[in-house]
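Novice: After the structure tokens below, expect a handful of questions from me.
Taken together, the values in this text are just the output of simple stated rules run on the coordinates, not laboratory data. Note that the structure is a prediction, hence the values are computed from the model and not measured. Cβ: placed from backbone, ideal geometry, glycine included. Neighbour counts: every protein chain shown.
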Amino acid sequence: MKKQFLITALITLSSFASASLVDDAKKAGLAPIPTDKTELMKLIDNSKNPITDAKVELGKALFFEPRLSKSNLISCNTCHNLAIGGVDGVSAAIGHKWTANPHHLNSPTVYNAVFMKKQFWDGREPDLEAQAQGPMQAAPEMAISKEMAVKRISSMPIYKAQFKDAFGDNNITFKKIADAIGVFERTLVTPSRFDKFLAGDEKALSKEEQEGLKTFINKGCTACHTGVGIGGGMQKFPLVKAYKYANIGDFKGDKNGMVKTPTLRNIAQTAPYFHNGAVWSLKEAVKIMGETQLGMELNDKDTKSIVTFLKALDGKMPTITYPKLPAVTADTPKPEAN
């Protein structure tokens with residue numbers, strides 16, 4: 001009888017501890033991706049560019065469309081590869097004519113980017129629709145002009161039909177191209193076991209992962225990595241101590257030295273880390289964040305504990321069927337490699 005009582009007490013204590021940790025996580029500002037579709041739509045939809053099935057399908061095609069680059073070789077998916085965590089897996093993004101980003105900037109993941117308060121490392125754009133316009137026009141990236149992009153897409157009748165379904169007419173503009181891509185990207189959310197835990201499933205995280213979450217909160221990581229995106233705001237970087245790899249590239253943040261805090265969702269899949277892609281080890285990245293942002297040297301035990309939690313943020317990727325893109329016509333402008 002005593003043994004049974006002890007087991008029951010331990011289970012009750014464990015459940016209480018988990019519930020307390022959920023409360024602590026929420027008090028620290030962490031929030032789950034909603035399971036309810038209506039609640040999720042409140043977070044990901046854009047009233048100025050509402051999500052519809054037709055826009056999502058068009059945006060998906062355009063996301064994979066290499067003819068939106070001057071060379072006909074580069075698509076959004078080149079740097080934000082949906083098969084490998086929404087990134088390209090290289091330190092500095094590589095674009096037109098095999099040009100590395102001149103500031104040695106790393107491609108952030110497109111998964112869960114909808115939860116970011118600002119877009120680009122310097123936070124210069126407010127949403128995904130505005131962000132989508134930038135890489136297409138940037139010389140080191142896709143290097144296409146607005147006019148050329150519109151001519152390429154407008155030359156293919158299938159796209160005209162898709163634009164009519166999505167926007168109500170077949171008048172193709174550069175803004176509509178970017179708006180469709182933005183809508184597709186808004187759907188790229190990846191709920192994880194962590195979200196189930198925050199929703200009350202005490203068994204969704206292991207004991208070690210829960211200990212890692214405690215360490216993550218207690219050390220102050222949630223000062224920057226918070227909200228549904230577990231990141232996404234603008235923060236001073238470095239804050240306390242110099243970033244040891246600051247000499248790689250010349251990026252200094254916005255005019256106030258503020259840098260967008262990247263999402264930690266799927267972080268185990270998105271190496272290399274930091275704005276300049278200088279760090280390949282998640283363990284080293286955590287230690288550097290302790291030094292630069294928290295002003296502390298994290299010991300190996302705490303670092304390992306945080307890394308264990310971070311790996312629990314791997315989410316379920318949406319199923320993406322690679323689109324069959326329309327054939328070019330005699331009116332389609334030819335690729336330009338130079």
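Novice: Would you calculate a helix-derived [θ] at 222 nm for the chain, using -39,500 (n - 2.57) for each DSSP H run of n ≥ 4 and dividing by the full residue count, to the nearest 500? Each step should come with its number before you reach the end.
Specialist: Numbers: 12 runs with 130 residues, N = 338.
Helix contribution divided over all residues of the chain: -11500 deg cm²/dmol.
Novice: Considering the zone a paramagnetic label at residue 43 would reach in this model (a point 7 Å from Cα along the Cα-to-Cβ line), which residues of region 107-128 have amide N under 18 Å from it?
Specialist: 109-119, 127-128, by backbone N distance to the label point.
Novice: Grab the Cα-Cα distance for residue 328 and residue 83, subtract it from 0.36 nm times how many residues apart they are, and report the gain in nm with one decimal.
Specialist: Between residue 328 and residue 83, full extension yields 85.6 nm more.
Novice: Counting only Cα, what are the radius of gyration and maximum Cα-Cα distance Dmax of region 39-186, in Å?
Specialist: Radius of gyration, then largest Cα-Cα span, for region 39-186: 14.6, 43 Å.
Novice: Just list whichever of 196/260; 118/164; 48/260; 207/311; 37/164 have alpha carbons separated by over 20 Å in the model shown.
Specialist: Working: 196/260 27 Å; 118/164 30 Å; 48/260 24 Å; 207/311 14 Å; 37/164 26 Å.
Where the Cα-Cα span goes over 20 Å, the pairs concerned are 196/260; 118/164; 48/260; 37/164.
Novice: While we're here: From the mean inverse distance of alpha carbon pairs (Kirkwood) and the Cα radius of gyration, derive Rg over Rh for the chain. Write out the running numbers ahead of the final one.
Specialist: Numbers: Rg = 22.0 Å, Rh = 21.4 Å.
Taking Rg over the Kirkwood Rh, I get 1.03.
Novice: Take residue 280 and residue 242, extend 7 Å from each Cα along the Cα→Cβ direction, and tell me the distance between the two endpoints in nm.
Specialist: The answer from the label model is 2.5 nm.
Novice: Now, a different point. Need one number: nm distance between label points at residue 26 and residue 319, each 7 Å from Cα along Cα→Cβ, rounded to one decimal.
Specialist: 3.3
Novice: For region 237-307, which trypsin sites (Lys or Arg not before Pro) are both in a DSSP coil and crowded by at most 16 other Cβ atoms within 10 Å?
Specialist: When the trypsin sites (Lys or Arg not before Pro) of region 237-307 are filtered for loop state and at most 16 Cβ neighbours within 10 Å, 241, 244, 252, 255 remain.
Novice: Still on this structure: Using only alpha carbon pairs under 8 Å that are at least six residues apart, calculate the relative contact order of region 39-186 and give it in whole percent.
Specialist: Details: 235 pairs, mean separation 46.0, N = 148.
Dividing the mean separation by the residue count of region 39-186 yields 31 percent.
Novice: What is the Cα centroid distance between region 161-206 and region 27-44, reported in whole angstrom?
Specialist: First find each Cα centre; the distance between them is then 13 Å.
Novice: Now for a different question. May I ask for the net charge around residue 296, where only other residues with Cβ less than 14 Å from the Cβ of residue 296 are counted and Lys, Arg are +1 while Asp, Glu are -1? Please list the in-between numbers first.
Specialist: On the way: positive: 219, 241, 287, 301; negative: 291, 297, 300, 302.
In short, 0.
Novice: Quick one: Cα convex hull volume of region 177-259, Å³ per residue?
Specialist: Measuring per residue, one finds 163 Å³ for the Cα hull of region 177-259.
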